[in-house]
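Colleague: Let me begin by handing over the structure; questions about it come next.
The values are calculated or read from the model by the stated rules, or taken from the named source; none is laboratory data. What you are looking at is a predicted structure, and each value in this text was computed from that prediction instead of being measured. Positions of Cβ are generated from backbone atoms using ideal geometry, with glycine treated the same way; all protein chains shown enter the neighbour counts. Protein only, heavy atoms only, side chains kept; ligands, DNA and RNA dropped before computing areas. Shrake-Rupley method; radii C 1.70, N 1.55, O 1.52, S 1.80 Å.
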Protein chains: 2
Amino acid sequence: MALVVQKFGGSSVADAASIKRVARRIVETKQAGNDVVVVVSAMGDTTDDLLDLAGQITDMAPAREMDILLTAGERISMALLAMAIHELGVKARSYTGQQAGLRTDTRYGKASITGVVPERVTRAIRDGQVAIVAGFQGVNELGDVTTLGRGGSDTTAVALAAALEADACEIYTDVDGMFSADPRIVPAARHVARLTYEETLELAAQGAKILHLRAVEFARRYKVPLHVRSSFSNKEGTWVTDTPVETKTEEEAMEDPIISGVAHDRSQGKITVIGVPDIPGTAARLFEVVSSADANIDMIVQNVSSAATGLTDISFTLPEADGPATLKAIEAAKDELKFEELRYDDQIGKLSLVGAGMRSHPGVSAKLFGALAAAGINIEMISTSEIRISVVTRAQDLDTAVRAVHTAFGLDAAETEAVVYGGTGR
Amino acid sequence: MALVVQKFGGSSVADAASIKRVARRIVETKQAGNDVVVVVSAMGDTTDDLLDLAGQITDMAPAREMDILLTAGERISMALLAMAIHELGVKARSYTGQQAGLRTDTRYGKASITGVVPERVTRAIRDGQVAIVAGFQGVNELGDVTTLGRGGSDTTAVALAAALEADACEIYTDVDGMFSADPRIVPAARHVARLTYEETLELAAQGAKILHLRAVEFARRYKVPLHVRSSFSNKEGTWVTDTPVETKTEEEAMEDPIISGVAHDRSQGKITVIGVPDIPGTAARLFEVVSSADANIDMIVQNVSSAATGLTDISFTLPEADGPATLKAIEAAKDELKFEELRYDDQIGKLSLVGAGMRSHPGVSAKLFGALAAAGINIEMISTSEIRISVVTRAQDLDTAVRAVHTAFGLDAAETEAVVYGGTGR
């Protein structure tokens, strides 16, 4: 008998019919002899509806009250899901984050989990119940409700799985797990059976939206085996563990490093600060200013400075949403930073090739750049980690770039299974 | 400085605009120098919407889960109300029933309050905050959420007012308090400035829907001064306390006993069991059967038995909703009860005249019956308490009966102020 934590997102419980479908899925797992703990998000548009209501009242809602408001969403979905399971003849009980022992710090709206004391969940399991737990929420030391911010429900599921020492944490989505590229862009995208935490982290950070970075980090730290799978099929999805895929023979590996996939991200913009004095401390001061605007910067490139002028250019990418505030902050520091010009470009795309197999294979970069050149695509920025290479291109070239790289690295599947599932890749 | 508990029902917080209006009202009270604790119901149709969702999932939802589901409603309204007050520049914090220390037994869906430990509310007041508390809900000894059933928010407000030793518990509605009759039926209905708990209990029990019986009982037990008033005006409403209105001189009182008002109820049905053996124990057994069907019976009349047959008829009234199940239960016991025929009549109306002033005034009944006779209305059943006389009439005669009695007892107002407020009387 295994203990399985299953997490269902908002689109899986968007209405009564979906909730009943998810309930049948849970009951199957339970009746197969497993102990089941379920983490559920708010139904479909509930959170947006609540945000809209708050917006009609005020533009500056106290964060504490906003968290109380938003946690109503999971309260509704978890109770309905428990009812639906009960209707199928299986005992089920729902628990709020507080009741499930999800303790957090006091940062309303983006709280961090400080501990999990799932006594009531453990008792429910022992009593043969399916325990339904509200995702995205916890309680702080004041006894107030907090929300965990983006990716909160995934994080709740992983944290509970860690605390309960679950055999697996299943993250349900609408596709059969993770693919070597977004099937909407690359119809030949290949299903990926296994990934390491590191590979998954890179994919999540580089724009693959199935798993949230934070949940993967939590899973890696506590060695929680993740299983990303479809709620519409019983196929094995993608397992994320700390065990790398068995490498091929050394000879094959030399020629053909193992690549997990190609991620892409269209949501970034690029700021270029032109004509900055190339003296020690300039970059540091620039990024202090950027950081004061709370921007989450990603890639940074500094050009070789001109010997004639002693000036250099610094470019960096950041989420488009952070663009305006960051530009404003840099502009305000113009006298101090002494730059000549400030440019903003939101028409960029980022492609990332991820795979533990590229660690010791310098040929990967050359192959990547070659594939892009053959497709006539210009590279604007490059950044690398041990298991990733990212390049920035024009936004309009991104789809072509992803397909070219996917083919060049031999990732195209023999049959295009992803298409069968409508592959949203999100 | 006074401590005021204000309760706003679902129609007062039906949408963002209403919530802002209520917030202004609360802020006025606070800025007038009072400490304010607010109890709020779920927004308008929220509870019905949630019940509908549950109905789409199952017909037999576990009561515990139903309570978790429904309490999402107040969570939303209280957070939005706190935001709206905050927007007006006044500090406010919302508290769930649990956070406000509303402890209940474990009867989900109809829990009774077992204690109130409002530490967090007290601290909020001391900190200059307006404390917003979710009505209708509490927490049981298992740490689970419970709902208080019908009239729950009124009861929450009174219980909190008692625990906090508040100077007044204001129950906000859409009319200026209680009237001598339903203004929809009697345009000349008079506003009642003061009532005793007993009078209010009789009125509430007899169909006046402004205050819930249970909340009035709670207020009487803990001597909480209630103030029923309109959220649309600043007029004094109806005060409910244990101090009777100053009686007139004895001579005047003899002629004109003080009557609080005329209540009416159209929601009952009448069951008549015909040809029951008039022997000891028959009635007892009949009402054991009725009670097993969970019917909430009201008036009971047993006719004088026929000397010829030794048989009698027993009639009783009960909520129409309880009719079918009760008839079924009696029919099933026919062999044992040995009655001849069973009749059901849902076309009845009940009129109740209430007033502490009638206690020692036998002339009241005669005057009541005379007024109905003069209006050509037949009386089908009569029941009395110390401060109330109720009669059953044909449903179609009820409005005429209420007007006739209202006029006969000199209750008609000189001017018809009730009409100004659209008087729903609910």
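Colleague: Tell me the residue from A:Thr326, A:Thr312 that is of a type outside the set (A, V, I, L, M) and outside any helix (DSSP H, G or I), please.
Modeller: Just one listed residue meets the conditions, A:Thr312.
Colleague: Being open to solvent by less than 20 Å² (accessible area, probe 1.4 Å) and either among the hydroxyl-bearing types (Ser, Thr, Tyr) or without any contact (Cβ under 8 Å) to a residue 60 or more places away in the chain (or both) is the filter here, so list the residues in region A:316-342 that pass it.
Modeller: A:Phe316, A:Thr317, A:Leu318, A:Gly323, A:Thr326, A:Ile330, A:Ala333
Colleague: Right, another one. Tally up the residues in region B:189-216 that are hydrophobic (A, V, I, L, M, F, W, C), open to solvent by less than 20 Å² (accessible area, probe 1.4 Å) and assigned to a loop (DSSP other than H, G, I, E, B), please.
Modeller: Within region B:189-216, residues that are hydrophobic (A, V, I, L, M, F, W, C), open to solvent by less than 20 Å² (accessible area, probe 1.4 Å) and assigned to a loop (DSSP other than H, G, I, E, B) number 3.
Colleague: To continue, here is another question. When residues of region B:282-312 are filtered for being on the phi > 0 side of the Ramachandran plot and at pLDDT 80 or above, how many remain?
Modeller: Qualifying residue count for the region: 1.
Colleague: Let me ask another. Those residues that are without any contact (Cβ under 8 Å) to a residue 60 or more places away in the chain and open to solvent by less than 10 Å² (accessible area, probe 1.4 Å), I need them from region A:217-239; list them, please.
Modeller: Passing the criteria: A:His227, A:Val228.
Colleague: Output the residues belonging to region A:377-393 that are within 14 Å of A:Ile259 (Cα to Cα) and charged (D, E, K, R).
Modeller: Matches in region A:377-393: A:Glu386, A:Arg388.
Colleague: Being over 23 Å from B:Ser385 (Cα atoms) and assigned to a loop (DSSP other than H, G, I, E, B) is the filter here; which residues of region B:278-309 pass it?
Modeller: B:Asp278, B:Ile279, B:Pro280, B:Gly281, B:Ala293, B:Asp294, B:Ser305, B:Ser306, B:Ala307, B:Ala308, B:Thr309
Colleague: Working only within region A:274-301, note down all residues that are polar (S, T, N, Q) and open to solvent by 50 Å² or more (accessible area, probe 1.4 Å).
Modeller: Scanning region A:274-301 gives A:Ser291, A:Ser292, A:Asn296.
Colleague: Continuing with this model, one more query. Of these, B:Val116, B:Val40, B:Val36, which one is under 19 Å from A:Ala72 (Cα atoms), within 26 Å of the chain's Cα centre (by Cα) and modelled with pLDDT of 95 or more?
Modeller: B:Val40
Colleague: Let me ask you something else. Out of all the residues in region B:302-311, is one or more open to solvent by less than 80 Å² (accessible area, probe 1.4 Å), β-branched (Val, Ile, Thr) and not assigned by TED's automatic domain parsing to the domain that holds B:Ser390?
Modeller: No, region B:302-311 has no match at all.
Colleague: Among the numbered criteria (1) crowded, with 19+ Cβ neighbours inside 10 Å; (2) hydroxyl-bearing (Ser, Thr, Tyr); (3) at pLDDT below 90, which single criterion is violated by A:Thr247?
Modeller: Here A:Thr247 meets the rest and fails (1).
Colleague: Got at least one residue in region A:134-145 being out of contact with any Lys or Arg (no Cβ under 6 Å at 6 or more places or on another chain), small (Gly, Ala, Ser), open to solvent by less than 10 Å² (accessible area, probe 1.4 Å) and within 14 Å of another protein chain (Cβ to nearest Cβ)?
Modeller: Scanning region A:134-145 turns up at least one residue that is out of contact with any Lys or Arg (no Cβ under 6 Å at 6 or more places or on another chain), small (Gly, Ala, Ser), open to solvent by less than 10 Å² (accessible area, probe 1.4 Å) and within 14 Å of another protein chain (Cβ to nearest Cβ).
Colleague: Please go through region B:119-133 and pick out each residue that is open to solvent by 20 Å² or more (accessible area, probe 1.4 Å) and closer than 12 Å to B:Gly101 by Cα.
Modeller: B:Glu119, B:Arg120, B:Thr122
Colleague: State all residues of region A:342-393 that are more than 22 Å from A:Glu199 (Cα to Cα) and either in a loop (DSSP other than H, G, I, E, B) or touching a Phe, Trp or Tyr at 6+ places or on another chain (Cβ under 7 Å) (or both); if no residue qualifies, say none.
Modeller: Once the filter is applied, which keeps residues that are more than 22 Å from A:Glu199 (Cα to Cα) and either in a loop (DSSP other than H, G, I, E, B) or touching a Phe, Trp or Tyr at 6+ places or on another chain (Cβ under 7 Å) (or both), region A:342-393 yields A:Asp346, A:Gln347, A:Ala375, A:Gly376, A:Ile377, A:Asn378, A:Ile379, A:Glu380.
Colleague: Here's another thing I want to ask about it. Return the residue satisfying two criteria in turn: it lies in region A:149-178 and is acidic (Asp, Glu) and buried (at least 21 other Cβ atoms within 10 Å of the Cβ), and of such residues it is modelled with the lowest pLDDT.
Modeller: Looking at residues that are acidic (Asp, Glu) and buried (at least 21 other Cβ atoms within 10 Å of the Cβ), I get A:Asp176.
Colleague: Further question: Would it be correct to say that A:Ala134 is of a type in the set (A, V, I, L, M, F, W, C), touching a Cys at 6+ places or on another chain (Cβ under 8 Å) and touching a residue at least 12 places away in the same chain (Cβ under 8 Å)? Spell out the reasoning first.
Modeller: Numbers: of a type in the set (A, V, I, L, M, F, W, C): yes; touching a Cys at 6+ places or on another chain (Cβ under 8 Å): no; touching a residue at least 12 places away in the same chain (Cβ under 8 Å): yes.
So A:Ala134 does not fit the description; no.
Colleague: When you go through A:Ala162, A:Ala111 one by one, which is the residue that is assigned to a helix (DSSP H, G or I), touching a residue at least 24 places away in the same chain (Cβ under 8 Å) and not basic (Lys, Arg)?
Modeller: Going through A:Ala162, A:Ala111 in turn, the sole match is A:Ala162.
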